[in-house]
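The values are calculated or read from the model by the stated rules, or taken from the named source; none is laboratory data. Keep in mind the model is a prediction, meaning the values are calculated, not measured. So basically every Cβ, Gly included, is an ideal-geometry build from the backbone, and we count neighbours across all protein chains shown. For the accessible areas, the whole protein counts, side chains as well, though only heavy atoms, and no ligand, DNA or RNA atoms are used. Shrake-Rupley method; radii C 1.70, N 1.55, O 1.52, S 1.80 Å.
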Amino acid sequence: MIEKQEITDVVNKWLEDKEYFLVDVQISADSRIVVEIDHRDGVWIDDCVNLSRYLEETLGERLGDYELEVGSAGLGQPFKVLRQYEAHVGSSVEVCTKDGRKLHGVLQSASEEGFTLLTEVRERLEGAKRPRWVEHELHFTYDEIKYTKYLISFK
């Protein structure tokens, strides 16, 4: 039986001199191994193939009965690791908070402590007749949110 940590170690060895980063490794009960990688500029299929071959060569017979799938972290899927937040600083994202609010805005910064979202909210300013769009910087820790994901826009 192959352990998740063993696969993670092999993947990280392959990633050492590359700008890719590991997002997730999953081993399902039905003997399926799924490795997700990401890159600031997207993931090339050739690199997924190369990583898959590297895993097969390195782990050899140990992969025997397992189905191996190597791919990118899906576009529009929730972020799983800090590097995804860092790679999308300056991008439009959707944040769903644990209290159920969905916010759209631009990811301003990300660190181990949390992240900052620049969003616009309609507010009626004092003395104004109509509400106006006002920018707000909102700070979140990761335990305050259900998910954050890249917002795909066709504008």
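Output the residue which, of all residues in the stretch 129-140 that are modelled with pLDDT of 95 or more and within 15 Å of ARG101 (Cβ to Cβ), is least open to solvent (accessible area, probe 1.4 Å). Steps first, please.
Filtering the stretch 129-140 down to residues modelled with pLDDT of 95 or more leaves 137-140.
Adding the requirement that they be within 15 Å of ARG101 (Cβ to Cβ) leaves 138-140.
Values: LEU138: 48, HIS139: 125, PHE140: 19 Å².
My answer is PHE140.
Do you know which residues across the stretch 122-155 are in a strand (DSSP E or B) and either closer than 22 Å to VAL81 by Cβ or hydroxyl-bearing (Ser, Thr, Tyr) (or both)?
Let us first name the residues in the stretch 122-155 that are in a strand (DSSP E or B), namely 122-123, 132-140, 145-150.
Residues satisfying the conditions are LEU138, HIS139, PHE140, ILE145, LYS146, TYR147, THR148, LYS149, TYR150.
Any chance you could count how many residues in the stretch 16-49 are surrounded by 12 or more Cβ atoms within 10 Å (Cβ to Cβ), without any contact (Cβ under 8 Å) to a residue 60 or more places away in the chain and under 26 Å from TYR85 (Cβ atoms)? Give the derivation first.
Kept after step one, since they are surrounded by 12 or more Cβ atoms within 10 Å (Cβ to Cβ), are these residues of the stretch 16-49: 18, 20-27, 31-40, 43-44, 47-48.
With the extra rule that they be without any contact (Cβ under 8 Å) to a residue 60 or more places away in the chain, the set shrinks to 18, 20, 22, 24-27, 31-40, 43-44, 47-48.
In the following step, the residues that additionally are under 26 Å from TYR85 (Cβ atoms) were identified as 18, 20, 22, 24-27, 33-40, 43-44, 47-48.
Residues meeting the conditions: 19.
Out of everything in the stretch 71-121 that is crowded, with 18+ Cβ neighbours inside 10 Å, among the small types (Gly, Ala, Ser) and not in a strand (DSSP E or B), what residue ends up being modelled with the lowest pLDDT?
Once the filter is applied, the top-ranked residue is ALA73.
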